[in-house]
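Below is one structure; the comments refer to it alone.
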Amino acid sequence: MKILVCDKTESEAIEKMRLAGLTVDTNFEITAEQLPGVLPGYDGCVVRSRTKIRQPLIDVCPNLKVIVRGGVGLDTIDADYARSKGITVMNTPQASSASVAELTIGYMFALARNLYKAASTVKAEKWEKKAFEGDEISGKTLGLLGIGNIGKEVAKRANALGMTVIAYDPYVKEAAGVKLVSLDELLSQSDYISLHLPKTKESADMINKTMFSKMKTGVRIVNCARGGIINEADLYEALTSGKVAGAALDVYSEEPPTDWKLVKLDNVICSPHIGAATHEAQGRVGAEVAQKLIEFARK
């Protein structure tokens, strides 16, 4: 079975697949323009966030049997179409959950204590101690939009920090340490709102002007899930009006953004989609990718 690894994957995982008898080629820099001329020669491929597998590419790959996405979502793949063509599509939903959860919690602390602005002023050789009175997150209510693998990891950590955790997820009936509520209840009760749901037709622009109007004034928002779930123009308005006190963003509608005005706001902290970018998560992702492909090849 021939596998093309299109995005950076741990060398240990690649060696594990080869030792199991798979023929594995790597091309971590392959472009969208090059893929139609290369991928038809392979039975399977491994992708991360960079490489997109869309319908036109699938149509020119009659030998393709399996696609594995090293990561949580499948938004970079036309998964339903691929499955309609008999292609197995898999991902690694649990491998990076702890890392994304830790980034989420870290962002909440950074928002609560104005850490970005405080650090910037000291680097600028200023000593503005009285300008940065913050808040404790203990005793605050955290609203989780989505309580899947990552949401549960966030809830576990937030509970340990003394937060009250509520969640909205129409697909979940119960979750340990979490009170499930309606969307309106979550919006009106939360001091912090953190997103942990996939981007779908239903969730695109889900957090918009109407939703912001239902939130507490001074709410803080964290998005380490997917860009496009929050309407960025409406978020900009909510941040500049004072409705939203601060936002922490790891994901964006366009990556990288083409309009930088949102991330340049003083009450926004941000990172370039690094939720799963830890040594531990990358190792787990690679191991899970290898295991899934080895098991598929043995069927």
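Around Cys270, which amide H atoms from residues at least 5 apart in sequence, or from another chain, sit under 5 Å from its own amide H, with H modelled in the peptide plane?
Those lying under 5 Å, H to H, from Cys270 are Leu249.
Report the far tail of the P(r) of segment 174-299, meaning the percent of Cα-Cα pairs longer than 17 Å. Intermediate values should be presented prior to the final figure.
Working: 5021 of 7875 pairs.
For segment 174-299, the share of Cα pairs beyond 17 Å comes to 64 percent.
So, R0 is 22 Å and r is the distance between the beta-carbons of Thr31 and Arg83; what FRET efficiency does that work out to, to 0.05?
Details: r = 25 Å, r/R0 = 1.16.
Once the sixth-power term is evaluated, E becomes 0.30.
Give me the net charge for the shell around Ser99: Cβ to Cβ below 15 angstrom, other residues only, Lys and Arg +1, Asp and Glu -1.
It works out to a net charge of -1.
Using 0.36 nm per residue, how much length does the chain from Lys65 to Thr217 gain when fully extended, once their Cα-Cα distance is taken away?
49.7 nm
Which residue, Lys126, Lys264, Lys209, has the most motion in a Gaussian network model of the chain that connects Cα atoms within less than 10 Å?
Largest GNM mean-square fluctuation: Lys126.
Tell me what the chain gives for mean residue ellipticity at 222 nm when only DSSP H runs of n ≥ 4 count, each as -39,500 (n - 2.57), the sum divided by the residue total, rounded to 500 deg cm²/dmol.
Rounded to the nearest 500, it is -10000 deg cm²/dmol.
Between Thr210 and Glu133, what is the FRET efficiency for a Förster distance of 30 Å, r being their Cβ-Cβ separation, to the nearest 0.05?
Rounded to the nearest 0.05, the efficiency is 0.40.
Report, please, the projected area of segment 97-270 averaged over directions, based on the convex hull of its C-alpha atoms, in nm².
10.0 nm²
Using Cα pairs under 8 angstrom and six or more residues apart, how large is the relative contact order of the chain, in percent?
About 17 percent, as a whole number.
Pull up the cross-link candidates among the lysines for Lys130, meaning alpha carbon to alpha carbon under 29 Å and not fewer than 8 places away within one chain.
Lys117, Lys140, Lys216, Lys243, Lys261, Lys264
Rule-based calculations on the coordinates, nothing more; no lab input. Because the structure is predicted, anything quoted here is derived from the model rather than measured. When we count neighbours, we look across all protein chains shown, and the Cβ atoms used for this are built from the backbone with ideal geometry, even at glycine.
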